[in-house]
Amino acid sequence: MGNHTIAQRMYTHDPAVMLYAPLRTAIHEDRQGVTWFSVDQPSTRFASFGNPDITNVGRELDAKLADLFGFLDVPVPRHLVS
Amino acid sequence: MWKSVYRFHTRSVDRFGARGLNSGVAGAENAAWKLAFVLHGWAPEASLESYHQERLAAAQENITVTSGTMRFLVRQNDDERRARRRLLEDAAQYQRTGTGRLREARRAVLVRRLRADHHRPATPVRRPPAPGGDANGRARRPDPPAEPPSPKGVRLSIDTGVSFEDFRGRYERAVPSLDMDRLALLVSAQVSWESVVAATAENAPHGFIRYWSSDVGSLMRLAGDSGPVRRI
C-alpha cells in the first residue's frame, strides 16, 4: 500500500525510493490463531537514502500509518509517533 | 661475498632540495646562474622562482624513478617476484632477438612494462601481527556488526486482536485498491499534477491505496502449510 502523490515528493529527490514505495504489508496468522499486521516503519526504510528531505516524507508516512492503525482500532506502536 | 643493509629514504621539502649528490650538483648549477643574472641586473628577481619550480619537478621525478627502482629490486610478495622474473626473462629473450622491427617492438613493450611496474602504487609492507594488533601494528578493531551500519528498518508487527477475515475486511475498506482505469485516463489526458493529487485523495480516504495484493495462504496450503497469509 502507498500513495503515489506522496511517493512523488521523494522520487523528485531520488527515483531509487521506489525500492520501498509502495510499502509492503502483510496480514498473517500464527499457529496460535493470532492475526498480525506487519509493515516496516516507513521512515526507517526511507532514511537509508541519506537525504533529509526523503527521510522527512518518511516520517510523514509514519504519522499517516499511526492514524490508520487508530482508525482500524489496533495498537499504535509508541515509536511510530514519537 | 658480503651483504649489507641498504636503507632507502626519499624526502621532498618545499622550497629546498636536499637530495643525492648528482641532483644536488644540478640544483647548484641552476641556482648559481640565476643568482648571477639577478645580481647583475640581467634578469628580474622573480626569475629566481623558476629555481623552485624546476628543481621540485626534478626532485619529484627523482623520487618516482628511484622509488620504482627500489620496488623492482626489493619485492614484497610472490606475485611481485613472479612479475619481475617474467619481465627479466622477456628482457633476456629480447637480447637474443635479431634486428629490425621485431626487436624494436619487443623493446617498446619491455619499456612500457618496466615503466608500468615503476609507477604502480607501492605495496604496503607486511609485518608480523603484533599481540593485540593487526599486521600494521594498529590496535585491533572490534568485529564489524553482522549487518551494515546503514539505518536499519524497524519491523512493526501488530496483534490485530481480531480474526484474519475480520481484519482483512476492515483493512481493505480503509485502504481501497488503486483505481487503475482512472489513473490511466489522467495520464493519457496529460492532466495537471494538481488533478492527479485531487483524484488520489479521493482514492485514499486514509492516505493509503492498495496497489496489489496476493492471497499467498491458499497457494502455500498446497504444500501443506497452514494459516492464511495475505500480502497487500
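The values are calculated or read from the model by the stated rules, or taken from the named source; none is laboratory data. What you see is a predicted model; the values in this text were computed from it and never measured. No Cβ is skipped: glycine too gets one built from the backbone with ideal geometry, and neighbour counts run over all protein chains shown. These accessible areas exclude ligands, DNA and RNA; they are computed on the full protein's heavy atoms, side chains included. Shrake-Rupley method; radii C 1.70, N 1.55, O 1.52, S 1.80 Å.
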Inset, instruction - State whether the residues of region B:133-146 include one that is farther than 28 Å from A:P75 by Cβ, in a loop (DSSP other than H, G, I, E, B), at pLDDT 90 or above and among the hydrophobic types (A, V, I, L, M, F, W, C). - result: no
Legend entry - Single residue of A:T25, A:T5 found to be of a type in the set (V, I, T), within 11 Å of the chain's Cα centre (by Cα) and more than 13 Å from B:T160 (Cα to Cα): A:T25
Inset, instruction - Give the number of residues within region B:209-232 that are of a type in the set (A, V, I, L, M, F, W, C) and within 11 Å of chain A (Cβ to nearest Cβ). - result: 6
Inset, instruction - Could you grab me the full set of residues in region A:64-82 that are open to solvent by 80 Å² or more (accessible area, probe 1.4 Å) and within 15 Å of the chain's Cα centre (by Cα)? - result: A:D67, A:R78, A:H79, A:V81, A:S82
Inset, instruction - Output the number of the condition that B:A184 fails; it satisfies all remaining conditions of (1) in a loop (DSSP other than H, G, I, E, B); (2) within 45 Å of the chain's Cα centre (by Cα). - result: (1)
Legend entry - Selected residue (criterion: surrounded by the most Cβ atoms within 10 Å (Cβ to Cβ)) from residues of region A:1-13 that are of a type in the set (V, I, T) and more than 7 Å from every other protein chain (Cβ to nearest Cβ): A:I6
Legend entry - Count of region A:25-42 residues which are at pLDDT 95 or above and more than 7 Å from every other protein chain (Cβ to nearest Cβ): 1
Inset, instruction - Pairs only if they're at least six apart or on different chains, beta carbon under 8 angstrom, first in region B:194-208 and at the interface with chain A (Cβ under 7 Å from one of its Cβ atoms), second assigned to a helix (DSSP H, G or I) and among the aromatic types (F, W, Y); list them, first residue then second. - result: B:H206/A:F71
Inset, instruction - Could you tell me which residue of region A:14-23 is surrounded by the most Cβ atoms within 10 Å (Cβ to Cβ), considering only residues that are more than 7 Å from every other protein chain (Cβ to nearest Cβ) and not aliphatic (A, V, I, L, M)? - result: A:Y20
Inset, instruction - Check region B:186-199 and report whether any residue there is modelled with pLDDT of 95 or more, open to solvent by 40 Å² or more (accessible area, probe 1.4 Å) and under 26 Å from A:L80 (Cβ atoms). - result: yes
Inset, instruction - Taking only region B:153-181 into account, find how many residues are more than 9 Å from every other protein chain (Cβ to nearest Cβ) and surrounded by 14 or more Cβ atoms within 10 Å (Cβ to Cβ). - result: 4
